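K.L.:
Mind having a look at this structure? Questions to follow.
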Amino acid sequence: MDAKASSVMEKITSLAKRRGFIFQGSEIYGGYQGFWDYGPAGVEMKNNIKKEWWKYTVYDREDVVGIDAAIIMNPTVWEKSGHLKAFTDPLVECKVCHKRVRADNEEAVADHEKTHKDKKDIWTEPKTFNLMTEVLLGTTEPKEKSYLRGEITQGAFVDFRNVVDSTRVRIPFGIAQIGKAFRNEITPGNLTFRSREFEQMELEYFVKPDEEDSKKIFEYWKEKRKRWYEDLGIDPKKLRFHDHEPEKRAHYAKYATDLEYEAPFGWSEFEGIHHRGDFDLGNHNLSYRDNLTGEEYTPWVIETSGGVDRAMLFFLIDAYREDGERIYLKLNPKIAPYKVAVFPLLANKPELLAKAKEIYKNLKQKLNVVWDDRGNIGKRYFAQDEIGTPWCVTVDFESLNDATVTVRDRDSAKQERIAIDNLTEYFQNKLAA
Ligand code: GAP
């Protein structure tokens with residue numbers, strides 16, 4: 001990563017910490033590589049991302065239902081899915097200092113070679129390294145070896161028959177899921193970009209086995225997924241598709257495309273869109289019978305697989321703005337942690353405090369609102385800009401006479417007076433726009 005890019009990442013990492021978005025996991029014990037905690041602002045934003053995804057993928061459609069499968073599954077699932085054999089990355093080890101990196105991570109390899117400039121031939125031959133995280137279950141020895149799921153996907157296949165039997169779905173239909181996945185990544189890094197514990201939001205869309213039709217459905221989902229990120233504010237110029245060459249495809253993919261974002265550390269995968277064919281349902285010996293036509297077949301699967309943590313990181317990077325001294329996050333209000341901040345102009349004036357608290361409590365019934373009475377008004381605007389709060393409400397002495405407040409817009413920093421009675425509707429209209 002060049003100096004400019006690493007300075008952007010340092011700024012984002014520092015803002016994420018000081019404003020309560022993302023903390024290093026177990027920080028008081030020196031951290032734990034590849035594990036991250038979300039703070040008060042972070043958990044709100046992450047929940048908003050998941051809510052928006054669920055609305056777009058499940059509630060706004062008639063052909064998708066949701067599930068929430070267990071993280072630990074019968075180990076046979078991972079045998080059948082091919083993960084125990086084929087879910088691997090190539091690893092090389094430095095013969096000088098024993099550092100391990102992914103052999104296909106050209107940047108990490110080149111960076112490390114710089115630390116041993118005078119030496120040649122520093123790497124061992126690449127070895128394949130399985131990414132599944134093992135866990136031991138049971139109270140008596142020998143304990144049973146099991147796995148934390150390496151992708152949330154298998155739940156949708158293992159539950160396929162139960163979903164068909166318990167609902168009215170008919171092919172084509174989708175199963176949506178959001179949940180944690182775990183991978184023994186060799187080189188976690190770039191904040192949450194590559195973590196060992198992360199969350200995925202996935203759609204498995206089941207279709208009739210047909211080359212031409214399934215290709216059309218694949219193209220349809222590619223565009224739908226790109227539009228979702230654009231609608232939530234990602235700069236379209238920073239998005240592109242990258243088709244996988246056959247030798248780079250995951251073991252389950254008939255063909256695959258990554259939706260990529262131009263991050264400070266280069267074009268990077270946001271989300272994978274995969275045509276999984278009948279790989280999974282076939283391996284699990286599952287088929288589908290159309291009750292109306294009597295046809296029986298193994299459906300093919302088109303998958304959209306996004307990372308919640310990666311989406312959150314890229315939304316933060318994309319929203320980051322510097323305007324002179326002012327730093328603000330130009331987040332779409334739908335995913336901003338809080339919609340509105342409410343302040344009394346002066347915290348030591350009981351009449352202002354009481355009025356501001358009343359407004360705060362009222363707004364809170366309909367919107368996610370944050371209270372702030374620390375420091376002076378300038379500092380509060382500064383803090384809310386960095387959190388990405390789209391609107392700040394200030395209750396001043398005029399408010400007590402004319403029942404209006406100042407509403408300040410994050411992006412333009414312009415202020416206007418709004419009647420207290422109209423505030424909820426005012427913000428709801430802005431959010432719906
Ligand atoms: N079910 C298919 C699947 O898991 P993938 O391309 O391996 O496909 C899908 O992962 C998405 O999950 C990625 O595009 C990324 O957003 C997220 N993801 C994968 N590994 C990750 C990691 N180590 N840390 C954070 N997010 C990750």
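All of the numbers you see were taken from the coordinates with simple rules; none came from a lab. These numbers come from a predicted model, not from an experiment. As a convention, Cβ positions derive from the backbone with ideal geometry for all residues, glycine included, and neighbour counts pool all protein chains shown.
K.L.:
Quote the FRET efficiency, to the nearest 0.05, computed for residue 113 versus residue 368 with a Förster distance R0 of 41 Å and r equal to the Cβ-Cβ distance.
P.N.:
On the way: r = 48 Å, r/R0 = 1.17.
Efficiency computed from Cβ-Cβ geometry: 0.30.
K.L.:
Relative contact order for segment 328-391 using alpha-carbon pairs under 8 Å, separation at least 6, rounded to a whole percent?
P.N.:
Values: 83 pairs, mean separation 34.5, N = 64.
Relative contact order comes out at 54 percent.
K.L.:
Taking only pairs that are 8 or more places apart or on different chains, how many Lys pairs in segment 55-214 have Cα atoms under 19 angstrom apart?
P.N.:
13
K.L.:
Taking every DSSP beta bridge that has both residues in segment 340-432, what percent is antiparallel when rounded to the nearest 5? Mind showing how you got there, number by number?
P.N.:
Details: 9 of 17 bridges.
Restricted to segment 340-432, the bridges split so that about 55 percent are antiparallel.
K.L.:
I've got another one for you. Give me the dipole magnitude in Debye, nearest 20, for the chain about the Cα centre, with unit charges on the beta carbon: positive for Lys and Arg, negative for Asp and Glu.
P.N.:
Details: 67 positive and 74 negative charges, 217 e Å.
Rounded to the nearest 20 debye, it is 1040 debye.
K.L.:
Specify which residue in the list 428, 154, 229 is farthest towards the positive end of the charge dipole of the chain, using unit charges on the beta carbon of Lys, Arg (+1) and Asp, Glu (-1), about the Cα centre.
P.N.:
The residue sitting farthest along the positive end of the dipole is 428.
K.L.:
Pick out, in residue order, every one of the trypsin sites (Lys or Arg not before Pro) in segment 112-203 that is DSSP loop and has at most 15 other C-beta atoms within 10 Å; say none if there are none.
P.N.:
Values: sites: 114, 117, 119, 120, 127, 143, 145, 149, 161, 168, 170, 180, 183, 194, 196; in loops: 117, 119, 120, 143, 149, 168, 170, 183, 196.
Of the trypsin sites (Lys or Arg not before Pro), the ones in loops of segment 112-203 whose Cβ has at most 15 other Cβ atoms within 10 Å are 117, 119, 120, 143, 168, 170.
K.L.:
A further question follows. Show which lysines lie in cross-link reach of residue 349 when reach means a straight Cα distance below 26 angstrom and same-chain residues fewer than eight apart are skipped.
P.N.:
Cα-Cα hits under 26 Å: 339, 357, 361, 364, 379, 414.
K.L.:
Taking a ≥ b ≥ c as the square roots of the eigenvalues of the Cα gyration tensor of segment 340-432, is the shape rounded (a/c under 1.5), prolate (a/b larger than b/c) or oblate? Don't jump to the answer; show the numbers that get you there.
P.N.:
Working: a/c = 1.45, a/b = 1.09, b/c = 1.33.
It comes out rounded by the Cα gyration axes.
K.L.:
A further question follows. Using the crude model of +1 on Lys and Arg Cβ and -1 on Asp and Glu Cβ, and no other charge, please compute the dipole size for segment 26-146 relative to its Cα centre, in debye to 20. Mind showing how you got there, number by number?
P.N.:
Details: 18 positive and 22 negative charges, 59 e Å.
Result for segment 26-146 is approximately 280 debye, rounded to the nearest 20.
K.L.:
Further question: Please name whichever of 181, 405, 64 sits farthest to the positive end of the charge dipole of the chain, dipole taken about the Cα centre and charges placed at Cβ: Lys and Arg +1, Asp and Glu -1.
P.N.:
405
K.L.:
Okay, next question. For 392, 97, what's the fewest-to-most ordering of other Cβ within 10 Å of each Cβ?
P.N.:
Numbers: 392 25, 97 10.
Least crowded to most crowded, the residues run 97, 392.
K.L.:
Placing +1 at every Lys and Arg Cβ and -1 at every Asp and Glu Cβ, with all other atoms neutral, what dipole size does segment 160-277 have around its Cα centre, in debye to the nearest 20?
P.N.:
Numbers: 22 positive and 23 negative charges, 57 e Å.
For this selection, approximately 280 debye.
K.L.:
In addition: For residue 355, list the aspartates and glutamates whose Cα falls under 20 Å from its own Cα; do not include residues on the same chain fewer than 8 positions away.
P.N.:
Those aspartates and glutamates meeting the cut-off are 372, 373, 396, 398, 402, 416, 421, 425.
K.L.:
Check each of the trypsin sites (Lys or Arg not before Pro) in segment 218-269 and keep only those in coil by DSSP with at most 10 other C-beta atoms within 10 angstrom; list them in order.
P.N.:
Nothing satisfies the criteria.
K.L.:
What does the net charge come to around residue 126 if you take all other residues with beta carbon closer than 12 Å to its beta carbon, with K and R at +1 and D and E at -1? Before the final figure, lay out each step's value.
P.N.:
Working: positive: 100, 102, 127; negative: 89, 93, 104, 125.
With Lys, Arg at +1 and Asp, Glu at -1, the neighbours total -1.
K.L.:
Considering only the other residues whose Cβ falls under 14 Å of the Cβ of residue 73, what net charge follows from Lys and Arg at +1 and Asp and Glu at -1? Present the calculation step by step, with values, prior to reporting the outcome.
P.N.:
Working: positive: 80, 145, 149, 180; negative: 68, 79, 134, 144, 151, 159, 280.
After counting each charged neighbour, the total is -3.
K.L.:
Oh, and also: From the phi angles alone, apply the Karplus equation (6.51, -1.76, 1.60; θ = phi - 60°) to segment 235-245 and give each ³J(HN,Hα) in whole Hz, x where the residue is Gly or Pro.
P.N.:
Values, residue by residue: 4, x, 5, 9, 10, 7, 9, 9, 6, 7, 5 Hz.
K.L.:
Follow-up. Output the direction-averaged projected area (hull surface divided by four) of the convex hull of the alpha-carbon atoms of the chain, in nm².
P.N.:
Details: hull surface 107.1 nm².
Averaged projected hull area, Cα only: 26.8 nm².
K.L.:
Within the chain, which is the longest segment containing none of the GluC sites (Glu not before Pro) that sit in a DSSP loop and have at most 13 other Cβ atoms within 10 Å?
P.N.:
Details: sites that count: 62, 295, 325.
The longest uninterrupted stretch comes out as 63-294.
K.L.:
Considering the chain as a Gaussian network with a 10 Å cut-off on Cα pairs, which listed residue, 81, 26, 146, attains the greatest mean-square fluctuation?
P.N.:
Looking only at 81, 26, 146, the largest GNM fluctuation is found for 26.
K.L.:
DSSP loop trypsin sites (Lys or Arg not before Pro) in segment 353-386 with at most 12 other Cβ atoms within 10 Å of their Cβ, which ones?
P.N.:
Values: sites: 355, 357, 361, 364, 366, 374, 379, 380; in loops: 366, 374.
Those satisfying the criteria are 374.
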